[in-house]
1. Can you tell which of Phe13, Phe43, Phe51 shows the greatest fluctuation in a Gaussian network model of the chain with Cα springs below 10 Å?
2. Sort Lys87, Lys22 from largest to smallest accessible area, using a 1.4 Å probe on the heavy atoms of the protein chains.
3. Using a probe radius of 1.4 Å on heavy atoms only, what accessible surface per residue do you get for the chain? Whole Å² is fine.
4. Report ³J(HN,Hα) in whole Hz for each residue of the range 74-87, in order, from the Karplus equation J = 6.51 cos²θ - 1.76 cosθ + 1.60 where θ = phi - 60°; Gly and Pro get x.
5. What is the helix-to-structure angle for 50-64, meaning the angle in degrees between its Cα long axis and the longest Cα principal axis of the chain, kept from 0 to 90 and rounded to the nearest 10?
6. What is the angle, in °, between the Cα long axis of helix 19-32 and the longest principal axis of the Cα atoms in the chain? Nearest 10 is fine, range 0 to 90.
7. What three numbers, in Å, describe the spread of the alpha carbons of the chain along their principal axes, ordered from the longest?
8. Per the helix-only calculation at 222 nm, which mean residue ellipticity applies to the chain, given -39500 (n - 2.57) for every DSSP H run of n ≥ 4 and division by its residues, nearest 500 deg cm²/dmol?
Amino acid sequence: MPTRAELSLAQPFAAPETATEKSVAPILCEVLGLDAVGRDDRFFDLGLDSFSALRVSLAAEDRLGLALDTSWMAEEETLRTLCARVKTPA
């Protein structure tokens with residue numbers, strides 16, 4: 001699997017900022033086999049597909065108690081916008 005730097009992404013790296021972004025980013029890294037995921041990286045540029053979106057969704061529910069609908073990853077496209085949509089557990 002390529003590192004984030006090897007993907008030649010158009011946007012510069014922007015580190016996750018919010019608590020939710022910082023919690024979800026490692027799951028994305030694990031599932032996609034990347035060393036880092038920036039908050040503005042487009043999921044599909046990183047290699048996310050429907051199967052990996054399902055794996056991210058299941059891991060977020062299991063590990064964090066977050067409900068991440070797989071369709072949100074297609075609609076929102078970045079960690080920043082996805083996490084802004086997520087309601088954290090009480």
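The values are calculated or read from the model by the stated rules, or taken from the named source; none is laboratory data. Remember, it's a predicted structure, so these values are computed and weren't measured experimentally. Ligands, DNA and RNA are excluded from the accessible area calculation, which covers all protein heavy atoms including side chains. Shrake-Rupley method; radii C 1.70, N 1.55, O 1.52, S 1.80 Å.
1. Top of the fluctuation ranking is Phe51.
2. Lys87, Lys22
3. Numbers: 4960 Å² over 90 residues.
In whole numbers, the chain has 55 Å² accessible per residue.
4. 7, 6, 8, 6, 9, 4, 4, 6, 4, 5, 5, 7, 6, 9
5. 50 degrees
6. Long axis of 19-32 versus the principal axis of the chain: about 60 degrees.
7. Computed over the Cα atoms, the extents are 38, 26, 21 Å.
8. Only helices count here, giving -14500 deg cm²/dmol.
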